[in-house]
Amino acid sequence: MDLLPTPEQEEIVTSIASVIAGNHTTGEPLTDALWEAAAAQGWFGLGLEEALGGVGYSLAEEVLLFTELGRAAVPGPFLATVLASRLAAEAGEADLTQQLISGSDRVGLAERWDDDRFSVLDADGATMALIVDGERVTLVDLGGVALDSIPSFDTLVPVSLAIDLHESPALATAPDGPALLRRGALLSAALLAGIAKATTDQSVCYGIDREQFGQPVGGFQAVKHRCADMATRAEVAACQVLYAALAERDGRPDAEFHVHAARVVAARAAVENSQINVQNHGGIGFTWEHTAHRYVTRSRVYASVLGTTHTHLGATLAATAPQ
Amino acid sequence: MNLDFTPEEQAFREEARTWLAEHLPTEERPPDGQPMREFDLAWQKTLFEGGWAGINWPKEYGGRGLNDIQQMIWYEEFARADPPFTLNNSCTFVGNNHGGPTLIVSGTDEQKSFHLPKILQGDVVWCQGFSEPGAGSDLGSLSCKAVIDGDELVVNGQKIWTSYAHVADFQELLVRTDPSAPKHKGISWVICDMTTPGIEIREITTMSHVNDFCEVFYDDVRIPLSNVVGQVNDGWRVTMTTLSFERGTAFMADQVELAAVVERLIEEAKVRTGPDGKRPAIADDEIARRLSLARAEVAALKAMTIAGISRTQRTGVPGPEGSMTRLFHGELHQRVYQLGLDIIGPEALRLTPVDGNGWTGPYLQSFAYTIGGGTTDIQRNIVGERVLGLPRVK
Ligand SMILES: Cc1cc2nc3c(=O)[nH]c(=O)nc-3n(C[C@H](O)[C@H](O)[C@H](O)COP(=O)(O)OP(=O)(O)OC[C@H]3O[C@@H](n4cnc5c(N)ncnc54)[C@H](O)[C@@H]3O)c2cc1C
């Protein structure tokens, strides 16, 4: 039993982080360069078996990837595109799988907004949408779908509304919707865990750099203790996300419980840490220029896709008891 | 990265489960005094005879030399066996988790061969004489004084909050041997025989109705210099190794047991009438949400504990990250028992023992979890300064 990344996994993380750093600036929109680099690195099929055209790693490595994406606040339809390539592969659509892994298509994430409408995240530039409707998950072509964009809370995550989206012809349907949704929930938890870590790091750096009363503000216990709590929440989230990834990867009977638990602790950590991070920065933290607010809005977005903290909490209690 | 147990670890689990089914005491632990001491020592003796004492102590000192994963498995099996007492709430705690491990690292051959077998076999109780009225969180400012007189130390002063001093045979005692040196440079770590003349012990009753807290007074207490562990005036370094065991595995038993407590509380919430006086407690939204969160958080605590073990296996020594686990665990433990009181309704008016499956006694005891072994404020300082590298300011 070992819960820390192996040296090989650490190398994967380093390489992911350097690809992100070379092609993305936190607070900026997704660049084509990063999307293309992601495709070239095989990120869209990272956890897919080689036989299905993927890189052949597992959910554990995918979780490491999404943690890095969360940490750098990389916007863009990574989550839905990765889930879509798995959906296509599991549905036996080999050509579609290849197409998605190649990065030629971007996939928006569609969930119920109200009785008639779906919200679609990242629909701008997307050719397909992954529709989550209850336990049914389908991939549809967005061509010809009327999309009505609304002002988005996170300005880097465009939101559109679409009527009757589920009536668009499905390109493929997930043979096991709940399993795909568990995977998606866990990857969203990884994004959130990344945010919890990034905001801790921002606060710590600022606490060391910024001086008032003739000393670094991080020396003041009020700030120091907030940072210690942030670090602890981030660690709690990171550990549970890894545990859940292994439980789900290995098909353990309590995997479902662990995924819900991971999403709950990661969402709480990301939301709380990103809020406190603004406070730790004082006036500069309240500016548009600073990236602190990016994490505030991004954490809310991720905490509201594929279930909410409320629904995951309920499922935590209903699931098979942890072993 | 994997969650698998090796065949050896699995066999160890089976062995532990079988043995516990046959040997776990079923009677309640006496709450105090000699009967408590006898109960705790008898259990330690049973453990020793069954080969379960010192699971992660090196073999050459009578331990089993097993890894921390096996130590965790043992705690898990103990919790699963539904014991009528908790592992750490025992007067053998200091010997097993502090005194013994410190001697293993820093003791002389004579000290080891005399004391270690006695600790493992359940012959002796050790207590920890660190805190003083004027030195709690600021342990380094301790003032209990010892002067060298021939081949003896002569100790004068006072300790406080010494758990189990009234039933102890030996004490890990911190004394100031050089008052003129900087505060961390003039301390010595000594083994004090509690039967030495000049020691007076007064019991202090805790808010959880237990008398195992003590004040200890030293009036010209003569301790052989050969009882110093490490060098004279090098006690702070020795103390840091003692405390690193706390960061490592000492509280793992509590962490593992908490998962079982939460499952028990969920069962409790299904049968107790809830706040509306009609439906079961678990049907109440707020209670259900708090239970769900507790279940998620104890799972994360376990993941954190395993990550800590993995880290120690790579670096060899438990790092300061353990303070995050301590901090999270202490506060989570309290939240679980606070929730317990909210779930049991009018039963919350009945006092139950601190040990065992009741809720009110353990609730009162839970206040200790954010004070003992370094308060949560101190843990936050450690995380801020030693994990995150934030500046230390006077
Ligand atoms: C159940 C239990 C068992 C114990 N057993 C033993 C034992 O066997 N042997 C032994 O030697 N000791 C024992 N202790 C003592 C324990 O180690 C001390 O109580 C603890 O270290 C705190 O010291 P104090 O009580 O003097 O509190 P203080 O240090 O006076 O703390 C008072 C308050 O001030 C805060 N504070 C202090 N310094 C700082 C700081 N720098 N920054 C922020 N806040 C600060 C504390 O967090 C606390 O809230 C035990 C305590 C308990 C509760």
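No value in this document is a laboratory result; all are computed from the given coordinates. Everything numeric in this text was worked out from a predicted model, so none of it was measured. Cβ placement follows ideal geometry from the backbone for every residue including glycine, while neighbour counts extend to all protein chains displayed.
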Between region A:120-164 and region B:85-104, the alpha-carbon center distance in angstrom: 59 Å
³J(HN,Hα) computed for each position of region A:221-238 - Karplus, 6.51 cos²θ - 1.76 cosθ + 1.60, integer Hz, glycine/proline x: 5, 4, 6, 4, 5, 4, 5, 5, 5, 4, 4, 5, 4, 5, 5, 4, 5, 4
Shielding by partners - mean other protein chain Cβ count within 10 Å, residues of B:304-310: 6
Interatomic Cα distance distribution for region A:140-268, bins of 5 angstrom, percent: 2, 10, 13, 12, 12, 13, 13, 10, 6, 4, 3, 1, 0, 0
Between 0 and 90°, nearest 10: helix B:285-315 axis offset from chain B longest Cα axis: 40 degrees
Chain lengthening between B:R314 and B:E203 when straightened (0.36 nm per residue, less Cα-Cα): 35.7 nm
Most positive-pole-ward Cα, B:V383, B:T92, B:P353, against dipole of chain B from beta carbon charges: B:V383
Degrees separating the helix B:109-121 axis from the principal Cα axis of chain B, which is the longest one: 30 degrees
Max mean-square fluctuation residue, GNM over chain B, Cα-Cα springs under 10 Å, options B:H209, B:H23, B:H184: B:H23
Size of charge dipole - chain A - debye, nearest 20, with Cβ of Lys, Arg +1 and Asp, Glu -1, no other charges: 1140 debye
Backbone N within region B:327-349 under 19 Å of label point (7 Å from B:T273 Cα along the Cβ vector): B:341-349
Residue order, fewest to most surrounding Cβ atoms within 10 angstrom, among B:C127, B:C144: B:C144, B:C127
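Could you give the semi-axes, largest first, of the ellipsoid that matches region B:251-387, computed as the square roots of 5 times the alpha carbon gyration tensor eigenvalues and rounded to whole Å?
31, 16, 12
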Under the Debye formula (equal points on every Cα, no solvent term), log10 I(q)/I(0) of region B:33-167 at q = 0.11, 0.16, 0.20 Å⁻¹: -0.49, -0.95, -1.27
Relative contact order computed over chain B (Cα-Cα under 8 Å; 6+ residues apart), in percent: 13 percent
DSSP beta bridge pairing in region A:56-139, given as percent antiparallel to the nearest 5: 60 percent
Highest-fluctuation residue, B:K302, B:K59, B:K185 considered, GNM on chain B with Cα pairs under 10 Å: B:K59
Relative contact order (%) - criterion: Cα under 8 Å, at least six apart; region: region A:168-227: 19 percent
Net charge dipole size for region B:268-314 [Lys, Arg +1 and Asp, Glu -1 on Cβ; Debye, nearest 20]: 260 debye
Ranked by how many other beta carbons lie within 10 Å on average, peptides B:285-295, B:169-179 from highest: B:169-179, B:285-295
Neighbouring partner chain Cβ atoms per residue of B:1-11, average, 10 Å criterion: 4
Estimated inter-spin distance, B:L341 and B:R386, nm [label 7 Å along Cα→Cβ]: 3.2 nm
Proximal charge balance of A:A269 [Cβ under 14 Å; K/R count +1, D/E count -1]: +3
Ranking of B:Y61, A:Y302 by count of other Cβ atoms within 10 Å, fewest first: B:Y61, A:Y302
Reach of B:K59 by Cα under 21 Å, taken over lysines that are not fewer than 8 positions away in the same chain: B:K45, B:K112, B:K118
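Using the number of other C-beta atoms within 10 angstrom as an exposure proxy, rank A:V259, A:V13, B:V262, B:V155 with the fewest first.
With the fewest neighbours first, A:V259, A:V13, B:V262, B:V155 line up as A:V13, B:V262, B:V155, A:V259.
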Charge dipole magnitude, Cβ of K and R +1, D and E -1 - the protein assembly as shown, Cα centre, debye nearest 20: 1480 debye
Which of B:Q365, B:F39, B:G319, positive extreme of dipole for chain B (C-beta unit charges): B:G319
Gaussian network model of chain A, Cα within-10 Å springs - most flexible of A:F118, A:F220, A:F78: A:F220
Separation of alpha-carbon centers, region A:234-274 and region B:251-292, rounded to whole Å: 21 Å
Inter-centroid distance (Cα atoms) of region B:171-222 relative to region A:291-310, Å: 53 Å
Spin-label proximity, A:A170 to region A:107-139 - amide N less than 12 Å from point 7 Å beyond Cα toward beta carbon: A:131-139
Computed [θ] at 222 nm, deg cm²/dmol, the protein assembly as shown (DSSP H ≥ 4; -39,500 (n - 2.57); rounded to nearest 500): -15500 deg cm²/dmol
Two-decimal Rg to Rh for the protein assembly as shown - Kirkwood Rh, Cα set: 1.02
Principal axis dimensions, chain A - Cα atoms, whole angstrom, descending: 65, 46, 38
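Using a Förster distance of 22 angstrom, determine the FRET efficiency expected from the C-beta separation of B:K118 and B:N156, and round it to 0.05.
Given R0 = 22 Å and the Cβ-Cβ separation, E is 0.20.
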Number of partner chain Cβ atoms within 10 Å, mean per residue of B:287-295: 5
Acute angle (nearest 10 degrees) that the helix A:78-90 long axis makes with the longest principal axis of chain A, alpha-carbon atoms: 30 degrees
Spacing of the two label points (7 Å from each Cα toward its C-beta) at B:R237 and A:R117, in nm: 7.0 nm
Given charges at Cβ of Lys, Arg, Asp, Glu: region A:177-318 dipole, positive-most of A:A196, A:A231, A:G251: A:G251
